[in-house]
Ligand code: 6PG
């Protein structure tokens, strides 16, 4: 019997106000983690939604030396391909702040999905519970690269990272953290922006078994969404 997802919805009338709250939540999580343990382990979302947020994080006043960055998923594209989630994060944010390069853990998809998933699973075994996981939501309810109809790795002890070969969102080949590994987190923050996410939001709130619902950290998940998406 797996426990159900505890989901807190925060609604915003503008993208700006949603991003402002996200910056604040990330800053608080970082401050708390660095105070408690001297390090902040953060998992980044890919796609387009977080771009504006990442740009705003450049201005954060924090001890960047204590930040350790991981990726919730990666697209199997060449290292320098701008379509890679790690490239987007670097271009919009990480190349503009002094996080030690050895503390930015890109998923080595140039090895191929299977080998990269195994290598990243080994990397993640060196990390305990994440302090914060950022996730997006796809039009079909996917998150990271966990898509409807595939294996989401929900069972306890699932591999940290999974190869994906048939993603309906190009490119088909990816690596994704498993639902179980994404759930080993003190906090999980979903960012949901854009009219195209309306149906996925409705399905999620109606209890549909979408991949986003498989993310079940002990303390629940926080969803920052545009309020217009909840209006019929
Ligand atoms: C990816 C992302 C994916 C993304 C959602 C939402 O590699 O595509 O990790 O999970 O978060 O598809 O994408 P947008 O933010 O571009 O709408």
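Search the stretch 48-76 for residues being in a loop (DSSP other than H, G, I, E, B) and buried (at least 19 other Cβ atoms within 10 Å of the Cβ), and hand back the single one that is farthest from the ligand (Cβ to nearest atom). Within the stretch 48-76, the match that is farthest from the ligand (Cβ to nearest atom) is 76. Taking the stretch 11-47 as the range and being touching a strand residue (DSSP E or B) at 6+ places or on another chain (Cβ under 9 Å), part of a loop (DSSP other than H, G, I, E, B) and away from the ligand (no atom under 13 Å from the Cβ) as the test, the residues that pass are 13, 14, 39. In this structure, is residue 79 in contact (Cβ under 8 Å) with a residue 12 or more places away in the chain and within 15 Å of the ligand (Cβ to nearest atom)? Against the criterion (in contact (Cβ under 8 Å) with a residue 12 or more places away in the chain and within 15 Å of the ligand (Cβ to nearest atom)), residue 79 does not qualify. Close contacts from the stretch 1-19, counting a first residue that is farther than 14 Å from residue 192 by Cβ and a second that is at pLDDT 95 or above and part of a loop (DSSP other than H, G, I, E, B), with Cβ to Cβ under 6 Å and a gap of 6+ residues or different chains, come to 5/216; 6/220. The selection criterion, being closer than 23 Å to residue 30 by Cα and out of contact with any helix residue (DSSP H, G or I) (no Cβ under 6 Å at 6 or more places or on another chain), holds for residue 129. With respect to the conditions (1) away from the ligand (no atom under 16 Å from the Cβ); (2) at negative phi, residue 112 falls short on a single one, namely (2).
Select, from 137, 94, the only residue that is crowded, with 21+ Cβ neighbours inside 10 Å and under 25 Å from residue 66 (Cβ atoms). From the options 137, 94, the qualifying one is 94. Selection of the stretch 177-209 for residues being closer than 15 Å to residue 9 by Cβ, within 12 Å of the ligand (Cβ to nearest atom) and assigned to a loop (DSSP other than H, G, I, E, B) yields only 193.
The values are calculated or read from the model by the stated rules, or taken from the named source; none is laboratory data. Keep in mind it's a predicted model, so treat the numbers as computed, not measured. Neighbour counts run over all protein chains shown; Cβ positions are idealised from the backbone, glycine included.
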